[in-house]
Every structure is written in structure tokens, then in C-alpha cells.
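Step one of this worksheet: look at the structure below.
The values are calculated or read from the model by the stated rules, or taken from the named source; none is laboratory data. Worth saying up front: this structure is predicted, and the values here are computed from it rather than measured. Virtual Cβ from ideal backbone geometry, glycine too; neighbours counted across all protein chains shown. Note: areas computed on protein heavy atoms with side chains; ligands, DNA, RNA excluded. Shrake-Rupley method; radii C 1.70, N 1.55, O 1.52, S 1.80 Å.
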Amino acid sequence: MGSFQLTVRDVLQHKCFKNAKVIAGEDGLDNVIRWVHIMEVTNFEELLNGSELILSTGIGWKDFKKTSVDYLERLIRANVSGLCIELVKYANEIPEKMIELANKHNMPIIVFYQEVRFIDITQDINTELMNNQYKILSDLEEFSRKLNHTMLLPNAFKRVLKLINQYLNVQVIYLAKNTEETIFVPLQHEMEQMKLIETVKNFKEKRLVNRNKQFIAANGSYVGQPVQALDHKFADLVIFPKYKNATEYELLVLDRCANAISQDLVRIFYMEEQRKQKEQQWVYEWLNGEYHAEEIQQYISSLDSTLKPNGATVCICRLNQVLDDSKHSYFLAILRNVLQSHGYFLISLYDHKQFTLIFINQRSLTDWKERLKKALNHVNQMNLYEIEASNHALFGVGKMIVDLEKIQESYDTAKEALLIQNQAKLSDEIFYEDLHIYRLVSSLSKTINLHDYINEYIGTVIEYDQMHNSELLYTLRVFLESNGSKNDAAKRLFVVRQTLYHRLDKLKELLGEDFMDASKRSTIEFSLHAHRYMNPPKEIVETTSINAIEN
């Protein structure tokens with residue numbers, strides 16, 4: 001299709017310019033003309049829109065030599081396409097400074113040495129410009145019909161990119177915002193691709209933006225438009241015109257195509273969202289025990305026909321903020337890849353601030369926990385939550401179940417693990433199976449008053465610490481965890497043995513000489529865990545971070 005642009009070089013072919021001569025600014029002969037205007041006044045800044053071809057006799061310039069350079073500077077700032085001067089009655093020659101300025105800014109100066117009818121020039125050229133406008137509208141209507149037809153075909157948005165190339169005969173680039181996918185039409189070799197991308201980047205800070213929010217390189221080498229909908233930007237659609245500046249027709253085609261691609265992407269995302277909603281509903285119902293083995297097997301086979309499950313476990317990841325689609329999709333993509341390398345297939349749900357992750361085991365059950373720890377450690381080292389959730393992500397991994405019909409059991413225990421971590425402010429265990437005594441404490445807390453039980457066995461130590469601002473309770477816990485080894489306990493407490501002996505004597509006084517006897521010791525240890533569960537220490541991070549996962 002034609003570009004319908006009219007340049008200074010084109011108008012020189014008209015019969016009105018038969019005796020005209022270009023005396024300066026020849027490098028600007030390809031400047032595009034959008035209108036021809038007679039301008040005799042010198043104060044005209046508010047009268048021009050840019051890209052005009054100016055006709056003048058010099059009648060309003062008064063002192064021609066003094067005024068001409070200033071007049072030309074104003075025209076350059078107004079971004080006109082060229083200047084035609086009649087050197088007959090009011091001006092006899094063009095000053096050398098004016099010629100130098102015109103050459104510097106590629107501003108063509110065309111002179112007439114004989115009297116010409118400006119009315120004939122304006123009528124002739126402006127009529128052609130209006131005819132071009134009609135051609136633009138006519139061709140644009142044809143293009144729109146073709147575009148509408150293309151939008152009904154499969155893989156519409158890539159077809160639209162090809163359509164732009166066919167109609168405008170330009171290089172087209174689709175720069176997606178949230179992925180590394182960049183589409184070139186026509187396809188270029190790698191070096192040329194890098195060159196084009198570099199061109200777009202180099203002029204990013206010096207772009208001009210028009211009323212349609214199209215951005216234009218300062219040197220006119222490319223023009224682009226955001227592909228966006230509902231205030232969300234998907235990509236940039238960029239074309240490289242064959243000539244220095246894009247024509248009005250090219251800008252209109254670009255605008256229509258960017259809008260069409262936006263609509264297609266919204267439609268695709270809407271359909272994808274509906275598909276995800278159906279999938280999420282199915283998985284949610286599965287987690288709540290609503291499907292039989294055959295139905296579960298059919299669903300898993302639909303995801304991956306080669307998948308052979310050997311048990312599964314549920315992991316719940318709760319964040320402190322809502323992630324947008326791009327961030328949570330990125331996290332899941334990384335997690336899925338890492339899990340696959342450790343023998344797990346991922347099925348996921350995301351709702352508000354929580355991921356529910358089903359890890360389907362594909363290898364032996366003997367080392368399932370070790371492999372899962374390694375996978376989560378691998379993800380942890382990538383610092384995926386450094387910005388999104390910092391160290392405020394709670395993780396709970398439920399039981400490994402062999403019968404996929406019983407996935408609800410793993411789901412319930414994952415929720416229980418999450419509850420225990422949040423309540424006890426743990427920072428070192430995410431697996432339900434490793435929470436041991438805290439599972440018992442959590443269960444008992446629902447049926448009995450643990451505060452009375454705690455006070456009966458370690459209440460005297462708690463009261464002593466409160467009265468004397470001491471750390472006897474912490475000393476007791478470390479001493480028991482060290483299996484009664486005074487040497488190990490002193491090292492962990494960073495105190496000398498004599499200080500530890502003094503503290504142990506005080507504990508014997510408060511708890512009794514027999515506090516290390518087997519039966520009483522186990523009761524005291526349970527009381528310590530219960531106390532931590534009911535009164536989590538403030539110095540421990542309030543939520544369990546992914547950073548807490550250890551080998």
C-alpha cells in the first residue's frame with residue numbers, strides 16, 4: 001500500500017516550481033509536508049502546527065538582512081518542512097548566515113527569481129494533500145476490514161504483526177513487557193536483532209510522544225505504541241519506517257493494530273483465567289476429598305500422560321502481601337522447574353496471599369523429604385522473595401500420602417503445620433512430621449488449660465525470671481537440649497562453667513533436686529514446649545521464612 005506522504009522533493013516536481021532553485025538545506029528535501037502556508041508576518045509561533053511548507057515574499061521582514069536569520073530560527077523551532085522565498089520585490093538575496101543556518105538544520109530554502117502566484121501553489125499542493133487524506137481514509141477502511149478478518153483467525157496477534165509488515169513494508173518488533181519473548185517480522189539474524197533493539201533503547205530517553213501516546217524516536221528512525229488494556233501494559237509495538245519520519249497512514253495503522261492486539265490478548269487472558277478457575281476449582285475439590293482414584297488419575301494424566309505418581313504431599317505457602325500475576329507466575333515457573341529436577345511434579349493453587357502446592361512424587365519414597373528440602377533450598381538461594389515477601393513467608397508441609405484419594409489428610413496436616421509455626425514462632429521446621437511434640441501441644445491446647453499445667457511444673461522459674469530479669473528458663477531449655485552436658489550447655493549459653501553451676505543450683509532450688517530424673521524431666525520438657533507454644537519468644541522472627549529451610 002502507498003505511504004501517501006508528500007515531501008519537499010516531491011513538490012519540486014510540480015509545474016509551479018519549474019523555475020525554482022534550492023539554495024540551502026538539500027539534506028532536508030525528504031522532509032514531509034502536511035500543509036502549504038503563506039506566512040509574511042514574523043511573529044507566527046502560535047499560527048503553525050509543524051511540517052508546513054512556508055511561502056514568503058519577505059514583505060513583512062522590514063530590514064531583510066537583520067531579520068531573516070531570526071525569522072529562519074523561528075521557523076526551525078516551529079518544525080516547518082521548508083521555506084520558499086520570492087526574490088523579486090521585497091528581497092533580493094539570501095544572506096550567507098541564513099544559508100549556513102539552513103544547511104546546519106537541514107531546512108530547505110527554495111527561491112523564485114521570478115514572480116509566482118502563491119495562490120496557485122497553495123491550491124495545487126493542498127489539493128493533493130487533501131486527496132492523500134481521502135486515500136488514507138479509503139485505504140485505512142480496507143485495512144480495517146482485513147484486520148477484523150485476521151482477528152477471527154487462530155493465533156491472531158502474530159498474524160497482525162505480519163499484516164503490518166505486508167501493508168507498510170516496514171520492520172516490525174513486538175517487545176513483550178513481562179517475558180523475554182521478542183518477535184521480529186520479518187525475522188532477522190541475531191546481529192541485526194541486537195542492532196534494532198539497541199536502537200530502540202538508545203533513543204528511549206529522547207522520545208517524542210504524540211496525542212495517541214505513540215512514541216517517536218528523536219531522529220525519526222522508529223515509532224512505537226504501547227499494547228495495553230485496563231491500565232496494564234503488555235508490550236511495545238514498534239515499526240521502523242522506510243523514510244525518516246512515519247507517515248500519518250503508518251501512525252493510524254500502528255494505532256489500530258496495537259489496539260487490536262490488546263483486545264486479542266485480553267480475550268486470551270480471559271479465556272486462560274476461566275480455564276485456570278476451572279482447574280483451581282477441581283484441585284480445591286480434590287483437596288477436600290471429593291474425587292475417587294479413577295477421577296484423580298484421569299485429571300493427572302490430562303496434565304502429563306507420562307506422569308506416574310508415587311505419593312504426594314501438600315505445602316502451603318502464606319505471604320504477607322498479594323502478588324500480581326507476573327510475580328506469582330514467575331515464582332511458580334522457577335519452582336516447577338526446580339521440583340522437576342528433584343523428582344516432583346507441581347500442581348498449584350493461588351488465592352489472595354496463599355499458595356497451595358501439591359508436590360506429586362515420581363521417585364522412591366525413602367528419600368522424599370531430603371529431596372524436597374534440597375529443592376526448596378535451591379529456590380531459597382535464588383532470593384525469589386527478596387522483594388516480594390522478604391522474610392515474611394510461612395511454609396507448612398503436610399504428610400506424605402501414598403493414596404492420592406487421601407490428599408485431604410496431607411492438606412489438613414499442612415494447615416496444622418502452618419498454624420503451629422505461626423503460634424510458636426518457629427524458624428527451623430516446616431515439615432509436619434518434624435514438629436513432633438508441638439503437634440501434641442497443639443492438640444492438647446484445644447481441650448485442656450495448658451497454662452495451669454505449665455505453671456505447675458515451671459511456673460516458679462517463669463516467676464523468678466520476671467522478678468529478677470534473669471534467663472533461668474532459657475538456661476533450663478538449653479541444658480535439657482544438651483542432654484544434661486554442662487560443658488555443651490555452657491558453650492551454647494556463652495557463659496563460664498561456674499556461672500552455669502550457679503544457675504543450675506538455683507533451678508534445683510526452684511524445681512527440686514530431682515528435676516533431671518527421667519519422668520520429671522520429660523514433664524518439664526513438655527512444659528517448656530507448651531510454654532513456647534503459648535508464649536512465643538519476641539526475639540524470634542514472627543513468621544517462618546523460606547530462609548529457615550535447612551538441609
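At a glance:
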quantity: Burial ranking of peptide ranges 125-137, 253-265 (average Cβ count within 10 Å, highest at the top); calculated: 253-265, 125-137
quantity: Bridge type composition, the chain - antiparallel percent by DSSP, nearest 5; calculated: 80 percent
quantity: Farthest toward positive dipole pole in the chain [+1 Lys/Arg, -1 Asp/Glu at C-beta], among Pro536, Ala176, Leu48; calculated: Leu48
quantity: For Leu55, residues with placed amide H under 5 Å, excluding near neighbours; calculated: His37, Ile38, Met39, Cys84
quantity: J(HN,Hα) series, segment 331-340, from Karplus relation 6.51 cos²θ - 1.76 cosθ + 1.60, nearest Hz, glycine and proline x; calculated: 4, 5, 5, 5, 4, 4, 5, 5, 4, 4
quantity: Residue-by-residue Karplus 3J(HN,Hα) for segment 23-34, coefficients 6.51, -1.76, 1.60, Hz, glycine and proline x; calculated: 10, 6, x, 5, 5, x, 5, 8, 4, 7, 9, 10
quantity: Over the chain, relative contact order from alpha-carbon pairs under 8 Å, at least 6 apart, %; calculated: 10 percent
quantity: D_trans [Stokes-Einstein, Kirkwood Rh over alpha-carbon pairs] for the chain, 4 °C, 1.567 mPa s, µm² s⁻¹; calculated: 42 µm²/s
quantity: Per-residue ³J(HN,Hα) for segment 354-365, Karplus 6.51 cos²θ - 1.76 cosθ + 1.60, θ = phi - 60°, Hz, x for Gly and Pro; calculated: 9, 9, 10, 10, 9, 9, 8, 6, 10, 10, 5, 7
quantity: Loop trypsin sites (Lys or Arg not before Pro), segment 433-526 (other Cβ atoms within 10 Å of the site Cβ: 12 or fewer; DSSP); calculated: Lys446
quantity: Cα gyration tensor category, rounded, prolate or oblate, for segment 136-226 with a/c compared to 1.5; calculated: oblate
quantity: Placed amide H near Ala229: partners under 5 Å, 5+ positions off or other chain; calculated: Phe234
quantity: His189 - accessible surface, heavy atoms, 1.4 Å probe, Å² rounded to 10; calculated: 120 Å²
quantity: Between helix 190-202 and the chain: long-axis angle, C-alpha atoms, 0 to 90°, nearest 10; calculated: 80 degrees
quantity: Charged-residue dipole, Cβ positions (Lys, Arg, Asp, Glu), the chain about Cα centre, Debye nearest 20; calculated: 940 debye
quantity: For Arg9, solvent-accessible area (1.4 Å; no DNA, RNA or ligand), Å²; calculated: 110 Å²
quantity: Inter-label distance for His189 and Arg439, nm, one decimal - labels placed 7 Å from Cα along Cα-to-Cβ; calculated: 6.4 nm
quantity: Shape call, segment 72-186: gyration tensor on alpha carbons, a/c limit 1.5; calculated: oblate
quantity: DSSP-loop trypsin sites (Lys or Arg not before Pro) across segment 172-202, with at most 14 other Cβ within 10 angstrom; calculated: Lys177
quantity: Filtered GluC sites (Glu not before Pro), segment 500-540: DSSP coil and at most 11 other beta carbons within 10 Å; calculated: Glu513, Glu539
quantity: Principal-axis tilt of helix 368-381 within the chain, Cα atoms, nearest 10 degrees; calculated: 40 degrees
quantity: Relative contact order [Cα under 8 Å, 6+ residues apart], segment 119-275, whole percent; calculated: 22 percent
quantity: Estimated [θ] at 222 nm from DSSP helical runs (n ≥ 4, -39500 (n - 2.57)) normalised by residues in the chain, nearest 500; calculated: -16000 deg cm²/dmol
quantity: Rounded tilt (10° steps) of 472-481 against the dominant C-alpha axis of the chain; calculated: 80 degrees
quantity: Cα gyration tensor category, rounded, prolate or oblate, for segment 49-138 with a/c compared to 1.5; calculated: oblate
